[in-house]
Protein chains: 2
Amino acid sequence: MVERFARRIPEPTVVRLPIYQRALRELSAGGIATVSSAELADAAGVNAAKVRKDLSHLGTYGTPGTGYDVNFLLGQVRHELGLDREWQVVIVGMGNLGHALAHSQRFSTQNFHTVALFDVDPVKVGEDVDGIKICHLSELSSLGGTSRMIGVIACPATSAQDVCNRLVQVGVGAILNFAPAILTVNSPVLLRNVDFAVELQTLAFYVVHPEAVSGPEGTP
Amino acid sequence: MVERFARRIPEPTVVRLPIYQRALRELSAGGIATVSSAELADAAGVNAAKVRKDLSHLGTYGTPGTGYDVNFLLGQVRHELGLDREWQVVIVGMGNLGHALAHSQRFSTQNFHTVALFDVDPVKVGEDVDGIKICHLSELSSLGGTSRMIGVIACPATSAQDVCNRLVQVGVGAILNFAPAILTVNSPVLLRNVDFAVELQTLAFYVVHPEAVSGPEGTP
DNA sequence: CATTGTGAACGCCTTCACAGCC
DNA sequence: GGCTGTGAAGGCGTTCACAATG
């Protein structure tokens with residue numbers, strides 16, 4: 001197989017790949033062998049043109065007149081996302097959110113393995129969560145980080161930058177931040193933010209400004 | 001005050017407003033009276049041109065040579081986001097995530113009031129969370145919904161669409177979905193999704209494809 | 001004949017750069 | 001002099017529409 005040279009995949013496409021992946025998994029589990037771009041689009045909540053353009057960035061995997069082979073395409077998408085490799089997840093901050101994440105990761109996607117949990121609260125340290133003991137944050141530095149280790153920040157905003165620095169120090173490849181704070185990382189460590197308050201306030205804006213809503217399937 | 005006619009605010013700008021709002025709150029709490037676009041940009045993790053363009057969509061609130069009055073701008077942003085009104089939040093699915101959300105909302109932004117919690121688990125029904133009793137999902141329909149009520153879906157993906165339908169039925173103005181599922185709403189109800197698996201897999205993609213990373217402040 | 005892959009057109013956000021103002 | 005507001009330029013993703021294909 002000839003690996004094409006450095007095809008650039010637009011970020012919006014990258015963000016949709018996990019959604020296609022899930023849709024394809026469901027189709028596959030349902031015994032569906034083939035999908036058209038229109039069907040996949042429907043399952044993913046986008047339009048067909050977008051699906052075809054997105055998938056064309058990965059390669060030429062479709063068959064005109066027929067569609068895409070579900071299992072084959074699923075494999076390609078999973079490979080592109082790196083899901084055919086093992087990933088380690090460490091969570092810092094074991095409040096309710098930390099617990100929720102520790103559970104949900106096992107659910108949503110295999111190949112993401114929670115390997116360590118940290119907190120500063122002496123009451124929580126030592127607690128066993130699905131077979132993993134919560135350690136004190138000070139023990140984080142003794143963890144051997146790799147680029148395929150992802151750090152999850154689920155602590156209060158006030159300590160988020162400190163935790164972030166520690167994770168970078170350890171050598172994680174990426175950080176997923178749930179704390180409502182703008183973090184800075186110098187190194188090549190990747191950072192993504194998930195912010196509940198932002199989502200809630202964004203919804204509030206559109207409720208207050210209904211005329212600003214851009215209908216996905218609005219009347220033209 | 002003359003309300004300008006239907007200025008359209010781009011969605012990327014809308015999503016940044018909550019971030020500016022938080023940055024401004026912190027500046028205000030720190031006793032800072034004035035900010036330049038460069039300083040606000042720094043606090044929000046974007047560039048100065050974007051801040052100025054974003055704020056110009058709200059109105060002409062800056063003073064050349066000086067910057068923006070922190071408290072005044074904060075008030076304008078909060079008004080635009082509808083944060084000077086009261087919002088009600090109902091959460092369906094009181095696992096760890098539901099609990100985490102029930103807590104975090106009080107923290108991050110005032111004027112969002114959690115008013116009801118629901119679950120189907122008989123063990124959880126009746127439990128008291130910060131003074132609010134968890135009710136059975138079947139009682140959801142007896143709730144009087146308004147457009148300023150936001151429904152939060154924190155239940156498993158399998159029941160997410162059902163819960164979504166019930167929330168629409170009740171008459172909420174918007175829905176924030178944390179379940180890994182593509183939901184459909186017919187009515188003018190707003191919908192936003194937050195998906196941990198998508199975030200994790202997106203990070204994984206960029207770890208596997210470092211050349212695809214678009215550095216925010218990369219070397220030109 | 002149904003459906004893909006894609007060049008081209010379109011629209012929109014970002015960035016630039018500077019006139020204007022304090 | 002410092003900084004805002006904005007028209008213009010540039011870049012990028014989405015959508016269109018159709019030739020190509022099994």
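Each value in this text was obtained by applying a stated rule to the coordinates, not by laboratory testing. Since this is a predicted model, take the numbers as computed values, not measurements. Here the Cβ positions follow ideal geometry from the backbone for every residue, glycine too, while neighbour counts run over all protein chains shown.
Label-point distances for residue A:8 to the equivalent site in the other copies, using a point 7 angstrom along Cα→C-beta, read 2.7 nm when ranked shortest first. For region A:1-61, chymotrypsin sites (Phe, Trp or Tyr not before Pro) are listed when DSSP marks them as loop and at most 12 other Cβ atoms sit within 10 Å of their Cβ; the list is A:5.
Membrane-span-like helices of chain B, defined as complete DSSP H segments with a Cα extent of 27 Å or more along the helix axis and a mean Kyte hydropathy of at least -0.5, are identified as B:11-29.
Counted over chain A, the DSSP beta bridges are approximately 20% antiparallel.
Note on residue B:139 and residue A:146: the model spin-label points, each 7 Å out from Cα along the C-beta direction, lie 4.9 nm apart.
Would you work out which of A:198, B:45, A:114 lies farthest towards the positive end of the dipole of the protein assembly as shown? Charges go on Cβ: Lys and Arg +1, Asp and Glu -1. Positive-end residue among those listed: B:45.
Mind running the shape call on region B:97-186? Use the C-alpha gyration tensor, a ≥ b ≥ c as the square roots of the eigenvalues: rounded below 1.5 for a/c, prolate if a/b tops b/c, oblate otherwise.
On the way: a/c = 1.35, a/b = 1.16, b/c = 1.16.
Here region B:97-186 falls in the rounded category.
Once the convex hull of all Cα atoms in chain B is built, its volume per residue stands at 172 Å³.
Near residue A:146, the amide H atoms lying under 5 Å from its own belong to A:173; only residues 5 or more places off or on other chains count, and H is placed 1.01 Å from N. Taking every alpha-carbon pair in region A:1-110 and binning the separations at 5 Å intervals from zero gives 2, 10, 20, 21, 17, 13, 8, 5, 3, 1, 0 percent.
Take every DSSP beta bridge with both residues inside the protein assembly as shown and express the antiparallel ones as a percent of the total, to the nearest 5.
Working: 12 of 56 bridges.
The answer is about 20 percent antiparallel.
Within the listed set B:99, B:209, B:113, the Gaussian network model of chain B (springs between alpha-carbon atoms below 10 Å) gives the highest mean-square fluctuation for B:209.
Treating r as the C-beta distance of residue A:129 and residue A:25 and R0 as 35 Å, the FRET efficiency rounds to 0.85.
Among the GluC sites (Glu not before Pro) in region A:2-110, those located in a DSSP loop and surrounded by at most 14 other Cβ atoms within 10 Å of their own Cβ are A:3, A:86. Secondary structure note: in region A:34-116, about 50% of the DSSP beta bridges are antiparallel.
Once the piece of chain linking residue A:115 and residue A:103 is laid out straight, how much longer is it, given 0.36 nm per residue of separation minus the C-alpha distance between them? Mind dumping the intermediate values first?
On the way: separation 12, 0.36 × 12 = 4.32 nm, distance 1.23 nm.
Residue separation times 0.36 nm, minus the Cα-Cα distance, leaves 3.1 nm.
Relative to the other identical copies, residue A:63 shows label-point distances of 7.1 nm, where the label point lies 7 Å from Cα along the Cβ direction and values run shortest first.
Please state the charge dipole magnitude for region A:73-191, taken about the Cα centre, from unit charges on C-beta atoms (+1 on K and R, -1 on D and E), reported in debye and rounded to the nearest 20. All intermediate terms of the calculation are to be shown ahead of the outcome.
Values: 7 positive and 10 negative charges, 44 e Å.
With Lys and Arg at +1 and Asp and Glu at -1, about 220 debye.
The charge dipole of region A:1-133, taken about the Cα centre with unit charges on the Cβ atoms of Lys, Arg (+1) and Asp, Glu (-1), comes to about 500 debye, rounded to the nearest 20.
Rounded to the nearest 0.05, what FRET efficiency is calculated for residue A:50 and residue A:211 with R0 set to 22 Å and r the Cβ-Cβ distance? Efficiency, rounded to the nearest 0.05: 0.30.
Under 5 Å between amide hydrogens, built in the peptide plane, is the criterion, and for residue B:191 it picks out B:175 among residues at least 5 positions away or on other chains. Rounded, prolate or oblate: which fits region A:55-151 when a ≥ b ≥ c are the square roots of the eigenvalues of the alpha-carbon gyration tensor, with rounded for a/c under 1.5 and prolate only if a/b beats b/c? Note, shape of region A:55-151 comes out prolate. For region B:20-38, the residues whose backbone nitrogen is under 19 Å from a point 7 Å from the Cα of residue B:71, taken along Cα to Cβ, are B:21-36.
Could you check which residue among B:117, B:143, B:40 shows the biggest mean-square fluctuation in a GNM of chain B with a 10 Å Cα cutoff? In the Gaussian network model the winner is B:143. Segment residue B:165..residue B:63, full-extension length gain: 31.9 nm, with 0.36 nm per residue of separation and the alpha-carbon distance subtracted.
Along each principal axis, taking the top coordinate minus the bottom one, the Cα set of the protein assembly as shown gives 64, 51, 49 Å in descending order. Each other copy holds its own label point for residue B:212; taking that point as 7 Å from Cα along Cα to Cβ, the gaps run 3.1 nm, nearest first.
Taking 10 °C and 1.306 mPa s as the conditions, I'd like the Stokes-Einstein D for region A:114-166 in µm²/s, using the Kirkwood hydrodynamic radius from alpha carbon pairs. Each step should come with its number before you reach the end.
Values: Rh = 11.9 Å.
After rounding, the answer is 134 µm²/s.
Note on region B:53-77 and region A:14-74: Cα centroid distance 45 Å, given to the nearest whole angstrom. Using only Cα atoms, locate the centre of region B:115-164 and the centre of region A:151-220, then give the distance between them in Å, rounded to an integer. Centre-to-centre distance over Cα atoms comes out at 25 Å.
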